[in-house]
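What follows is a single structure, written as structure tokens, with notes after it.
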Amino acid sequence: MVEPDAAPRRRKIALALQGGGSHGAFTWGVLDRILDDPTIEIIGVTGTSAGAMNAAALVGGLLRGGAKQARVELRRYWEAVGAMPGFGSFFSQMSGAAAAMTPLESIPAYVELMSRNLSPYDLPPSRTVEIDGEPYWDGGWTGNPALVPLIRKMPDCDLIMVRVDPVSRPEVPRSLHDIYERSTEIGFNSTLWLELGVLAAVLRLVEKGLLDRARFGRIRFHDIEATSIMEKFPMSSKRNNYPPLLEYLFDLGRQAGDAWIAEHRDALGQRSTIDLERQLPVNVNVWGDF
């Protein structure tokens, strides 16, 4: 018999947080909703770029004061992003929803700034960041986010991927700048697709009884995915730190997290809610009839 005041059973989850510049504020909203649920316990996290910043704020808050402090730390981080000098300063008296749909290239002040600093043939800078004398490239080129290093360290649990980089775009990029931006999105997604393909193959071998389920099938996979939202926004919105835009994305993320929990809470600890093969960009059977 369960005591009336007994604490609810906590479902253990790990998180995989994709990068995407300002679109990481969507992930902030998802995390805020997850942290608001006393039945969920976060035991691991991996992240890239904005996802890594969300992960750092999340873990720091959890260690210092649990879920409540983690929510405080995440908000503090994103409010600091909004307060930084940046392209958000080109926006004023505009709602977050309107800012999300407004390309930076449509703002004369932005165009003038870019024309003074870049020739029409220049691509957006992708410089390395130097830390302790060592140059680092954006992690999205090698893992967005990196799944396997986290999975290898996790016990039996559920892994929720929060994805903010659009898989598809309704319009074909035409300008050199837009082609660069879209090729970067595809490149950053491709690293995740490679890992998902490998993991799908491993799970296929588990289902066929060729690998030990307790060892290789202990992770259940889930996905909170924002492609249908983010593909409507111009690619330049990733560089926009306008505070109402960040709050708008936060609200969208929190709504998405709430809808996912309402639909899939009972699956946690029981089963995956996605087929990894169906997460790949083409509908293929990765192992054929193997």
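Per q in 0.18 Å⁻¹, report the Debye log10 I(q)/I(0) for segment 32-114, using one uniform scatterer on each alpha carbon and no solvent.
One equal scatterer on each Cα of segment 32-114 leads to -0.85.
When averaged across all projection directions, what area in nm² does the alpha-carbon convex hull of segment 124-253 cover?
Mean shadow area of the hull around the Cα atoms is 10.8 nm².
So which lysines pass the test for LYS238, namely a Cα distance under 30 Å, with those fewer than 8 places away in the same chain ruled out?
LYS68
Report the one residue of ASN241, THR191, ILE179 whose Cα lies farthest in the direction of the positive end of the charge dipole of segment 154-290 (charges on C-beta: Lys and Arg +1, Asp and Glu -1; origin at the Cα centre).
Of the options given, the answer is THR191.
Please report the antiparallel percentage of DSSP beta bridges with both residues in the chain, rounded to the nearest 5.
Bridges in the chain are about 15 percent antiparallel.
Any idea what Rg and Dmax come out to for segment 182-260 if you just take the C-alpha atoms, in Å?
17.6, 52
Using a Cα-Cα cut-off of under 19 Å, which aspartates and glutamates could be cross-linked to LYS232, ignoring same-chain neighbours fewer than 8 residues away?
GLU105, ASP165, GLU171, ASP178, GLU181, GLU185, GLU247, ASP251
Once the mean 1/r over all distinct Cα pairs of the chain is inverted, what Kirkwood radius in angstroms do you read off?
Taking every pair of different Cα atoms in the chain, averaging 1/r and inverting gives 20.4 Å.
What distance in nm separates the simple spin-label points at GLU105 and VAL129, each placed 7 Å from Cα in the Cβ direction?
2.6
Modelled label-to-label distance, ASP212 and VAL172, 7 Å Cα→beta-carbon offset: nm?
Here the answer is 5.2 nm between the modelled labels.
Working from Cα positions, state the angle (0 to 90°, nearest 10) between the long axis of helix 108-117 and the longest principal axis of the chain.
Tilt of helix 108-117: around 80 degrees.
Helix 50-83 against the longest principal axis of the chain: what's the angle in degrees, Cα atoms only, rounded to the nearest 10?
So the helix axis and the longest Cα principal axis differ by about 20 degrees.
Can you check what the Kirkwood hydrodynamic radius comes to for segment 68-207, Cα pairs only, in Å to one decimal?
19.1
For the chain, give the percent of accessible area contributed by carbon and sulfur heavy atoms, probe 1.4 Å, rounded to a whole number.
C and S atoms contribute 56 percent here.
Sketch the reach of a paramagnetic label on MET94 as a point 7 Å from Cα along Cα-to-Cβ, and name the residues of segment 216-258 whose backbone nitrogen lies under 18 Å away.
Backbone N within reach: 230-250.
Cα to Cα, under 13 Å, and not fewer than 8 places away if on the same chain: which aspartates and glutamates meet these conditions relative to LYS153?
none
The values are calculated or read from the model by the stated rules, or taken from the named source; none is laboratory data. Everything numeric in this text was worked out from a predicted model, so none of it was measured. Cβ coordinates were reconstructed from backbone atoms using ideal geometry, including for glycine residues, and neighbour counts include every protein chain displayed. The accessibility values were calculated without ligands, DNA or RNA, using every heavy atom of the protein model including side chains. Shrake-Rupley method; radii C 1.70, N 1.55, O 1.52, S 1.80 Å.
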